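Each remark here refers to the structure printed beneath this line.
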Amino acid sequence: MTTAPTAAPILRQPAEVLYGEELAALTAMGDDARPAGWHLSPRQVVTFITGSDGEKLAFTKDGKKGKVAISRKYHGDDRLVERSVIGLAGNRALLLVGEPGTAKSLLSELLGAAISGTSLNVVQGTAATTEDQIRYSWNYALLLAEGPTPRALVPSPIYTAMTAGSLVRFEEVTRCAPEVQDTLVSILSEKMMTIPELPGDQRVLFAKPGFNVIATANLRDRGVHEMSSALKRRFNFETVHPIANLADEVELVHNEVERLLAGAAAPAKVNRDIVELLVTAFQDLRTGSTPEGISVEKPAAVMSTAEAVSVGFAASLDAWYYGDKKLTADDVGRHLPGAVLKDSSDDIQKLRQYLGAVTARRAKECAGTWAEFHKSATAALGRFQGKPA
Ligand SMILES: Nc1ncnc2c1ncn2[C@@H]1O[C@H](COP(=O)(O)OP(=O)(O)O)[C@@H](O)[C@H]1O
Ligand SMILES: [Mg+2]
């Protein structure tokens with residue numbers, strides 16, 4: 001099994017390392033009923049994901065008393081988190097569906113870290129995923145040398161999770177061909193896997209308590225390979241929505257951009273006002289209407305929170321390396337069109353209309369940052385069309 005990396009310099013730490021202290025404190029709190037094979041109780045798992053609201057929770061570890069506040073990691077519907085955890089506690093597999101960038105992968109990673117202490121058992125679903133990647137394959141050198149033995153067997157992440165009694169994540173499950181997806185049906189209902197090549201009692205692998213599957217699916221991919229109803233019945237479905245509240249999304253994007261900048265050793269100054277402008281523009285385009293009540297044509301591109309974070313980060317890097325080390329509305333305006341103009345050529349027209357009807361008006365009414373943003377976004381859009389605005 002893959003072991004979790006320690007806090008050595010790597011590009012991105014998994015949740016169980018990043019929040020290792022919080023997890024250790026929660027584990028030390030003891031607490032109520034932990035389902036078999038779980039590292040934490042359902043209540044503690046929810047606290048780990050939705051935070052303790054600033055409250056410092058007491059724990060005793062190695063005879064020493066300590067207190068820890070748990071940070072909020074998923075911003076959104078807390079009931080969704082509770083339902084997801086309860087379903088898993090009842091041994092039902094979980095399918096998180098939603099638009100891209102709504103934190104489905106993040107949620108499944110956090111659930112893996114909290115429930116099993118690892119988020120690293122992952123199958124990434126693609127059109128090329130094969131049954132072997134879901135079950136097991138063979139090390140051909142060993143297979144030829146000694147025949148089909150447990151040593152020659154190369155376990156899949158699902159096999160590993162069954163052996164360890166832990167969660168396994170199946171990313172983008174609907175991208176796989178339906179017959180490949182259906183390999184999960186018997187694993188989920190029987191909680192076992194047969195290995196016909198092995199002799200005698202090694203022929204069946206029984207899952208240990210704690211084993212379960214969390215799958216994610218993007219709504220935009222669903223039509224590609226529809227799921228069989230046999231498989232659908234094995235999952236609890238939860239739909240994850242984009243963050244609706246402006247202040248919540250601003251806080252999240254602000255924190256994420258600052259975290260990414262710190263990681264990139266480019267600590268540009270990021271003002272909340274500029275982040276609010278960026279998130280407002282994203283929410284206008286995502287929802288198709290503005291707080292002033294103007295309707296906007298939604299672009300085909302995904303205007304997700306994750307995309308807002310990446311525009312904020314790119315614009316801040318621009319400010320750090322080429323500007324005066326402070327994110328401005330001008331930087332945001334320059335980077336926004338690149339995020340919108342991806343999926344469809346009609347989006348150019350939609351963005352042009354948005355700039356003409358909404359940001360031009362804001363620029364007139366409140367000058368300052370919106371005027372700066374409007375000017376640079378219009379110029380950047382012109383460059384996309386190959387002509388100056
Ligand atoms: N509701 C949310 N709560 C916390 N982070 C979010 C939320 N929505 C989006 N994000 C941000 O977007 C990033 C990418 O989300 P991800 O889990 O990859 O989305 P998905 O798998 O749905 O496409 C997250 O790591 C986080 O920074
Ligand atoms: Mg994802």
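The values are calculated or read from the model by the stated rules, or taken from the named source; none is laboratory data. Bear in mind that the values here come from a model prediction, so they are computed numbers and not experimental data. In this analysis, Cβ positions are derived from the backbone assuming ideal geometry, glycine residues included, and neighbour counts consider all displayed protein chains.
What to note about this one:
- Condition check for Ala379: closer than 21 Å to Ala266 by Cβ and in a helix (DSSP H, G or I): no
- For Ala217, the stated conditions hold: it is small (Gly, Ala, Ser), on the phi < 0 side of the Ramachandran plot and within 16 Å of ligand 2 (Cβ to nearest atom).
- Single condition Thr174 does not satisfy, out of (1) modelled with pLDDT of 95 or more; (2) within 16 Å of ligand 2 (Cβ to nearest atom): (1)
- Given (1) under 21 Å from Glu251 (Cα atoms); (2) away from ligand 2 (no atom under 16 Å from the Cβ); (3) surrounded by 18 or more Cβ atoms within 10 Å (Cβ to Cβ); (4) of a type in the set (D, E, K, R), index of the condition Glu307 fails: (2)
- Residues of the range 18-37 satisfying the condition of being in a loop (DSSP other than H, G, I, E, B), over 19 Å from Gly165 (Cα atoms) and out of contact with any Ser or Thr (no Cβ under 6 Å at 6 or more places or on another chain): Tyr19, Met29, Gly30
- Odd one out for Ala58, checked against (1) more than 16 Å from ligand 2 (Cβ to nearest atom); (2) among the aliphatic types (A, V, I, L, M); (3) closer than 30 Å to Arg175 by Cα; (4) touching a strand residue (DSSP E or B) at 6+ places or on another chain (Cβ under 8 Å): (3)
- Any helices (runs of 4 or more DSSP H) falling wholly within the range 246-342 and containing at least 3 residues that are within 20 Å of Ala367 (Cα to Cα): 272-287, 329-340
- The range 181-232 - residue that is acidic (Asp, Glu) and not in a loop (DSSP other than H, G, I, E, B) and, of those, nearest to the chain's Cα centre (by Cα): Asp221
- Of all residues in the range 38-73, those satisfying the criterion of being touching a helix residue (DSSP H, G or I) at 6+ places or on another chain (Cβ under 8 Å) and either small (Gly, Ala, Ser) or assigned to a helix (DSSP H, G or I) (or both) are Pro42, Gln44, Val45, Val46, Thr47, Phe48, Ile49, Thr50, Gly66, Ser71.
- Residue within the range 57-75 that is surrounded by fewer than 23 Cβ atoms within 10 Å (Cβ to Cβ), under 30 Å from Glu226 (Cα atoms) and in contact (Cβ under 8 Å) with a residue 60 or more places away in the chain present: yes
- Residues (touching a Pro at 6+ places or on another chain (Cβ under 6 Å) and either crowded, with 20+ Cβ neighbours inside 10 Å or assigned to a helix (DSSP H, G or I) (or both)) located in the range 150-177: Val168
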